[in-house]
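Encoded as structure tokens, the structure appears first; notes follow it.
The values are calculated or read from the model by the stated rules, or taken from the named source; none is laboratory data. The structure presented is a predicted model; accordingly, all values stated were derived computationally and were not measured. Here the Cβ positions follow ideal geometry from the backbone for every residue, glycine too, while neighbour counts run over all protein chains shown. Ligands, DNA and RNA are stripped out before the accessible areas are found, and what is left, the full protein with its side chains, is counted by its heavy atoms. Shrake-Rupley method; radii C 1.70, N 1.55, O 1.52, S 1.80 Å.
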Amino acid sequence: MDSNSPTGSGIEDFKKLREKEYAYVDKTALIKRFLENPCAVALFTRPRRFGKTLAMSMVRHFFEIGTDPALFRGLEIMDDESIVEAHMGKYPVAAISLKDTQGSSMKMARGNLAFAIRAEASRLDYLLDSSLLNRYDKDEFERLISIQGNDDRLHESLAILTQLLNKHFGKPAILLIDEYDVPLDKAWQHEYYDEMLIFIRSMFSLALKGNSSLEFAMLTGCLRVSKESIFTEVNNFSPYSIGHPLYSDSFGFTEAETSEVLASRGLSNRMDDVREWYDGYCFAGTQIYCPWDVVKFCDDAKINQNAPPQPYWMNTGGNAIIKQLANMAGQSAKEEIGTLVDGGSIVKRINDQLSYSDLEQTIDNIWSFMYAAGYLTAINGLKDGRHELAIPNESVRRIFVEQIGEWFKSRVAANTTALSSLRHAFSEGDSNAAQTAMCELLIDFISARDYSAKENKKESFYHGLLLGALADMEGWSVSSNEESGYGFWDISAKNNKNTRQAFIIEAKYSDSLASLKSASDSAIEQIEARKYWKKLAKDGARDIWLYGAAFFKKDCCISSKHMSLEDS
């Protein structure tokens with residue numbers, strides 16, 4: 001891997017990556033494995049941003065008639081001359097992505113699907129000049145080039161494309177469908193699920209079942225939804241989920257690949273950071289890193305080699321499933337969530353054949369979805385479909401903390417008495433009242449548990465809870481993790497009307513109930529020793545309360561100290 005090659009983060013077009021000489025982690029072994037283990041329809045399910053779209057682009061450019069062999073120069077697949085000779089550039093290919101086939105209504109979703117069909121038909125517009133297609137064939141193709149969402153034959157479009165390609169080239173076509181389950185996901189969110197399900201089932205049935213114009217099809221997605229009978233009676237249908245060993249290293253970066261990526265950027269000294277933040281996925285026994293996180297980290301570290309890791313994956317999609325889990329959780333499940341956030345593991349039976357309509361039926365289905373979607377990973381496979389599950393890394397743990405904080409904020413908002421008491425107490429320097437109100441809010445909450453996780457993970461969890469309770473405190477400007485003095489405060493708040501008044505909170509996690517008071521006192525000592533109050537003082541604050549908030553499971557102790565500064 002050339003150290004001078006840009007990462008090309010966010011580029012999912014294999015041809016562009018290779019022509020522009022962007023860095024590329026070689027995943028062409030997927031092609032060889034597929035040819036050695038052929039099937040009519042292969043479904044690859046992986047979490048978002050694990051390279052599914054780029055893999056489908058790579059597959060298209062290998063098989064498609066007219067491809068440029070130079071795109072694969074130096075890649076593993078070129079070492080197998082028999083495969084290259086027999087298969088490279090030998091097939092017609094139709095490729096479509098359904099990731100944008102979404103909308104707030106079925107009408108909008110159909111319109112977006114029609115746009116995707118038109119784009120692929122336009123790419124294949126050489127069929128209009130084919131001497132092997134008759135007038136009726138070309139009429140069909142022209143219809144695809146201009147097809148609209150309200151066309152009553154929209155569901156036939158993929159089948160028609162393969163049939164016309166087969167007729168023109170005299171050999172069956174390959175069909176690639178990327179993000180096949182996005183339309184169902186969005187339809188479920190916007191309550192037109194049943195209508196979309198009927199449409200997708202019909203479209204896939206025509207394209208995949210008994211289609212003599214089809215050599216094979218590959219599909220990608222996050223969730224296997226075979227219960228919905230989308231793939232019923234598809235001959236030789238093979239789903240390859242994260243638990244299947246055949247393609248365990250085909251999506252995401254392995255340990256060796258991640259090490260090579262960092263070394264090529266002069267970042268080998270950051271491997272421990274990258275391992276803590278972005279490793280932890282286990283795909284059928286193979287250790288996998290999130291490729292999106294690794295590449296984005298390299299981009300930041302190229303500008304500043306000391307750049308701290310960030311939860312980049314968090315911002316690539318909605319994470320509301322965690323709040324949904326918390327809403328459905330009884331006390332036992334809340335304890336399990338706390339165990340996970342704290343670095344522990346839980347044992348659950350995994351169902352890898354869910355439908356979106358199943359998600360809200362039981363909390364067990366939510367656990368299964370979170371495993372398939374990458375929020376959890378299996379650290380051990382047990383019997384009878386049970387797995388030992390854990391949060392894979394720090395990047396995903398931050399998502400849990402943020403989403404649980406948002407959930408906590410909504411729950412706290414419902415307890416207006418305790419919330420009002422908490423905010424008033426902090427603003428008035430009343431640590432006893434703040435402690436009483438906080439304990440009341442924690443009663444029905446998810447607490448960090450006393451496992452072997454690092455202490456700072458426990459502290460950041462409770463830091464997030466405090467911030468969620470105080471973030472929109474009326475009349476105050478609340479901030480978190482800002483640099484001041486000789487470090488970064490956890491939380492500060494400044495009175496917008498009386499700018500002389502402010503407070504600082506440092507959160508601690510105690511290792512026992514008995515040591516709560518000493519932990520809260522040490523938090524205040526930390527504020528003083530590191531002079532966290534300096535920035536507030538510079539901004540005019542003179543009347544500052546220092547708070548140490550210590551937590552142990554669902555108990556807390558809040559200490560306070562008043563600081564009165566002279567006007568300078």
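A single entry from Thr7, Thr28 fulfils the requirement of being at pLDDT below 95, surrounded by 20 or more Cβ atoms within 10 Å (Cβ to Cβ) and not acidic (Asp, Glu): Thr7. Of all residues in the range 151-174, those being within 33 Å of the chain's Cα centre (by Cα) and not charged (D, E, K, R) number 9. Number of residues in the range 60-86 that are out of contact with any Leu (no Cβ under 7 Å at 6 or more places or on another chain) and open to solvent by less than 40 Å² (accessible area, probe 1.4 Å) equals 11. Within the range 347-388, track down each residue that is under 18 Å from Trp188 (Cα atoms) and of a type in the set (A, V, I, L, M). Answer for the range 347-388, where residues must be under 18 Å from Trp188 (Cα atoms) and of a type in the set (A, V, I, L, M): Leu354, Leu359, Ile363, Ile366, Met370, Ala372, Ala373.
For every residue, the table says whether it meets (1) closer than 19 Å to Ser484 by Cα; (2) β-branched (Val, Ile, Thr).
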site: Ala519; (1), (2): no, no
site: Ile524; (1), (2): yes, yes
site: Ile527; (1), (2): yes, yes
site: Arg530; (1), (2): yes, no
site: Cys556; (1), (2): no, no
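When the range 51-86 is filtered for residues that are part of a loop (DSSP other than H, G, I, E, B), more than 19 Å from Gly170 (Cα to Cα) and among the aliphatic types (A, V, I, L, M), only Leu75 remains. All conditions but one from (1) touching a helix residue (DSSP H, G or I) at 6+ places or on another chain (Cβ under 9 Å); (2) closer than 20 Å to Asp26 by Cα apply to Ser345; the one that does not is (2).
Looking only at strands (runs of 3 or more DSSP E) that lie completely in the range 463-541, which have at least 3 residues being of a type in the set (A, V, I, L, M, F, W, C)?
By residue number, 501-509.
Of all the criteria given as (1) open to solvent by less than 20 Å² (accessible area, probe 1.4 Å); (2) in contact (Cβ under 8 Å) with a residue 60 or more places away in the chain; (3) touching a Pro at 6+ places or on another chain (Cβ under 6 Å), the one not satisfied by Ser213 is (2). Listed by first and then second residue, the pairs linking a residue in the range 253-267 that is at pLDDT below 95 and among the charged types (D, E, K, R) to a residue that is surrounded by fewer than 20 Cβ atoms within 10 Å (Cβ to Cβ) and part of a helix (DSSP H, G or I), with Cβ atoms under 7 Å apart and 6 or more places separating them unless they lie on different chains, are Arg265/Lys302.
Please determine whether any residue of the range 48-57 is over 25 Å from Lys167 (Cα atoms), at pLDDT below 95 and hydroxyl-bearing (Ser, Thr, Tyr). The answer is no; no qualifying residue exists.
If I filter the range 273-313 down to residues being under 15 Å from Ser395 (Cα atoms) and charged (D, E, K, R), which single residue comes out as surrounded by the most Cβ atoms within 10 Å (Cβ to Cβ)? Here the answer is Asp293. As a summary of the residue check, Ser492 satisfies the conditions (1) under 17 Å from Ser431 (Cβ atoms); (2) open to solvent by 20 Å² or more (accessible area, probe 1.4 Å) except for the one numbered (2).
Close Cβ contacts (under 7 Å, 6 or more residues apart or on different chains) running from residues in the range 412-427 that are surrounded by 19 or more Cβ atoms within 10 Å (Cβ to Cβ) to residues that are β-branched (Val, Ile, Thr) comprise Leu419/Val412. Against the numbered list (1) under 28 Å from Tyr193 (Cα atoms); (2) open to solvent by 40 Å² or more (accessible area, probe 1.4 Å); (3) within 15 Å of the chain's Cα centre (by Cα), Arg398 comes up short only at (1). Scanning the range 518-541 for residues that are at pLDDT below 90, among the hydroxyl-bearing types (Ser, Thr, Tyr) and over 15 Å from Arg423 (Cα atoms) turns up nothing.
Among the residues of the range 461-479, those that are open to solvent by less than 40 Å² (accessible area, probe 1.4 Å), modelled with pLDDT under 90 and of a type outside the set (A, V, I, L, M) comprise Phe461, Tyr462, His463, Gly464, Gly468.
For Glu528, the test of being over 30 Å from Asp444 (Cα atoms), open to solvent by less than 70 Å² (accessible area, probe 1.4 Å) and free of Cβ contacts under 8 Å to residues at least 40 places away in the same chain is passed. Look at the range 361-384: where a residue is more than 22 Å from Arg398 (Cα to Cα) and a partner is aliphatic (A, V, I, L, M) and in a loop (DSSP other than H, G, I, E, B), sitting 6+ places away or on another chain with Cβ atoms under 7 Å, you get Asn365/Leu354; Asn365/Leu359. Against the criterion of being among the small types (Gly, Ala, Ser) and buried (at least 16 other Cβ atoms within 10 Å of the Cβ), Ser515 does not qualify. The residues of the range 17-43 that are assigned to a loop (DSSP other than H, G, I, E, B), over 25 Å from the mean Cα position of the chain (by Cα) and acidic (Asp, Glu) amount to a single one, Glu21. Taking residues in the range 169-186 that are under 27 Å from Asn134 (Cβ atoms), and partners anywhere that are assigned to a strand (DSSP E or B) and of a type in the set (Phe, Trp, Tyr), the pairs with Cβ atoms closer than 7 Å and at least 6 places apart or on different chains are Lys171/Tyr91; Ala173/Tyr91; Ile174/Tyr91; Ile174/Phe216. The set of residues in the range 349-368 being among the aromatic types (Phe, Trp, Tyr) and out of contact with any Leu (no Cβ under 6 Å at 6 or more places or on another chain) consists of Trp367 alone.
Scanning the range 531-542 for residues being of a type outside the set (Phe, Trp, Tyr) and open to solvent by less than 50 Å² (accessible area, probe 1.4 Å) gives a total of 5.
Please enumerate the residues belonging to the range 64-79 that are in contact with a helix residue (DSSP H, G or I) (Cβ under 6 Å, 6 or more places away or on another chain) and farther than 11 Å from Asp26 by Cα. Selection gives Thr67, Leu71, Met78. Residues in the range 544-568 that are assigned to a strand (DSSP E or B) and open to solvent by 50 Å² or more (accessible area, probe 1.4 Å): Trp545, Asp555, Lys561, His562, Ser564. Scanning the range 96-136 for residues that are within 19 Å of Gly66 (Cα to Cα), among the charged types (D, E, K, R) and free of Cβ contacts under 8 Å to residues at least 40 places away in the same chain returns Arg123, Asp125, Asp129.
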